[in-house]
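Student: I have a structure here, written as structure tokens, and I will follow up with some questions on it.
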Amino acid sequence: MTSSAPALVDVLAAEGGGEGDGFQAPGLGEFYPEVLVSFSVLGVDFEITRITLILWIATLAMLAFLVATVRKPSIVPGKLQFVGETGYSLVRDGIARDVVGPKGLPFAPFLVSLFFFILANNMMSIIPFAQISPMSKFAFPLVLAAICWVMYIWIGIREQGAGRYFKDILFLPGVPKPMYILVTPIEILQNFIVRPFTLAVRLFANMFAGHMLLVVFSLGAVYLFSRDNFSFVFGPISALMAIVMTFFELLVIFLQAYVFTVLMGTYLNGSIEAEH
């Protein structure tokens with residue numbers, strides 16, 4: 001199986017012909033679709049898959065939405081402008097100003113872009129004919145986390161100076177010198193490895209689990225409503241759970257975009273202001 005929709009077709013075809021071997025639970029094949037286009041640039045191989053196309057579509061849709069919200073701005077905003085301004089205000093006031101701190105407003109455009117990019121890609125998990133978020137593949141959240149990791153270290157060096165920034169990380173003020181043998185390796189691990197890793201894993205794990213739950217209940221409903229395996233009890237329950245999990249996934253979509261952005265805001269706050 002390469003995606004939810006093809007999997008649905010496969011189950012229907014198998015059950016319709018009476019040759020199925022029972023319910024086939026979705027596996028990791030969901031996240032490794034067939035390569036649509038492959039090419040090489042300067043000796044580097046690239047592969048375009050269905051998930052890559054979904055990422056491009058989500059990104060273009062996000063850009064089109066943001067441009068449309070400011071295309072004809074007015075004092076009394078229309079519905080589209082209102083939604084765009086609400087999202088921008090949420091990140092600017094709730095994260096850039098309140099989380100990052102007094103020096104956080106210059107980072108508002110970056111944080112807003114990060115929020116809407118993740119939100120747009122997460123939304124693809126419940127959009128018909130897409131039905132999977134690129135963030136459910138670990139590579140995409142990992143790249144975002146790497147960008148954030150480089151940025152907050154660079155901001156820390158720029159704002160505090162390389163010497164002071166790394167000194168505060170490696171040798172926490174107020175800690176007895178003998179304790180540095182234990183504390184310093186922990187701080188290095190936390191700041192340079194754990195932070196970007198957990199940032200990526202949190203987003204990936206939630207979108208991965210959400211997609212698998214939706215696929216399991218959706219395919220389960222199709223299987224239980226099929227001619228040979230019809231169930232008056234478990235079929236409707238599985239279909240109802242698919243609907244319930246879709247609304248729950250919608251909550252997770254917004255929450256994970258917001259949490260990722262908030263955590264980036266806290267990292268920027270620690271980079272701008274020396275920790276005590």
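Student: Out of all the residues in region 203-210, is one or more surrounded by fewer than 16 Cβ atoms within 10 Å (Cβ to Cβ) and over 15 Å from the mean Cα position of the chain (by Cα)?
Tutor: Within region 203-210, not a single residue is surrounded by fewer than 16 Cβ atoms within 10 Å (Cβ to Cβ) and over 15 Å from the mean Cα position of the chain (by Cα).
Student: Name the residues in region 105-137 that are part of a loop (DSSP other than H, G, I, E, B), in contact (Cβ under 8 Å) with a residue 24 or more places away in the chain and out of contact with any Ser or Thr (no Cβ under 8 Å at 6 or more places or on another chain), would you?
Tutor: Of everything in region 105-137, those that are part of a loop (DSSP other than H, G, I, E, B), in contact (Cβ under 8 Å) with a residue 24 or more places away in the chain and out of contact with any Ser or Thr (no Cβ under 8 Å at 6 or more places or on another chain) turn out to be PHE129, ALA130, LYS137.
Student: Looking at the structure I just gave you, is LEU268 open to solvent by less than 60 Å² (accessible area, probe 1.4 Å), part of a loop (DSSP other than H, G, I, E, B), more than 17 Å from ASN122 (Cα to Cα) and hydrophobic (A, V, I, L, M, F, W, C)?
Tutor: no
Student: Is there a residue in region 254-263 that is modelled with pLDDT under 85 and out of contact with any strand residue (DSSP E or B) (no Cβ under 9 Å at 6 or more places or on another chain)?
Tutor: Initial filter on region 254-263 (modelled with pLDDT under 85): none.
Among the residues of region 254-263, not one is modelled with pLDDT under 85 and out of contact with any strand residue (DSSP E or B) (no Cβ under 9 Å at 6 or more places or on another chain), which makes the answer no.
Student: Let me ask something else about it. Condition first: assigned to a helix (DSSP H, G or I) and open to solvent by 90 Å² or more (accessible area, probe 1.4 Å). Now tell me which residues in region 68-90 satisfy that.
Tutor: Correct list: VAL70, ARG71, LYS79, PHE82.
Student: Let me ask something else about it. Which residue out of GLY210, GLY220, GLY161 is of a type in the set (Gly, Ala, Ser) and farther than 30 Å from PHE129 by Cβ?
Tutor: GLY161
Student: Do we find that PHE247 is of a type in the set (Phe, Trp, Tyr), free of Cβ contacts under 8 Å to residues at least 40 places away in the same chain and within 20 Å of ILE126 (Cα to Cα) in this structure?
Tutor: Yes: the conditions hold for PHE247.
Student: Being in contact with a Phe, Trp or Tyr (Cβ under 8 Å, 6 or more places away or on another chain), on the phi < 0 side of the Ramachandran plot and surrounded by 17 or more Cβ atoms within 10 Å (Cβ to Cβ) is the requirement here; does MET135 meet it? Explain how you work it out, then say what you get.
Tutor: Details: in contact with a Phe, Trp or Tyr (Cβ under 8 Å, 6 or more places away or on another chain): yes; on the phi < 0 side of the Ramachandran plot: yes; surrounded by 17 or more Cβ atoms within 10 Å (Cβ to Cβ): yes.
Criteria met by MET135.
Student: Just the residues that are in contact with a Ser or Thr (Cβ under 9 Å, 6 or more places away or on another chain), among the aliphatic types (A, V, I, L, M) and either part of a helix (DSSP H, G or I) or open to solvent by 80 Å² or more (accessible area, probe 1.4 Å) (or both), please, taken from region 149-200.
Tutor: Hits for region 149-200 are MET151, ILE153, ILE155, ILE157, ILE169, LEU170.
Student: Further, regarding this structure: State the number of residues belonging to region 36-51 that are β-branched (Val, Ile, Thr) and touching a strand residue (DSSP E or B) at 6+ places or on another chain (Cβ under 8 Å).
Tutor: The qualifying residues number 3.
The values are calculated or read from the model by the stated rules, or taken from the named source; none is laboratory data. Fair warning: this is a prediction, and the values are worked out from it, not measured in the lab. Using ideal geometry, Cβ is built from the backbone for each residue, glycine included, and neighbour counts are taken over all protein chains shown. What goes into the accessible areas is simple: the full protein's heavy atoms, side chains included, and nothing from ligands, DNA or RNA. Shrake-Rupley method; radii C 1.70, N 1.55, O 1.52, S 1.80 Å.
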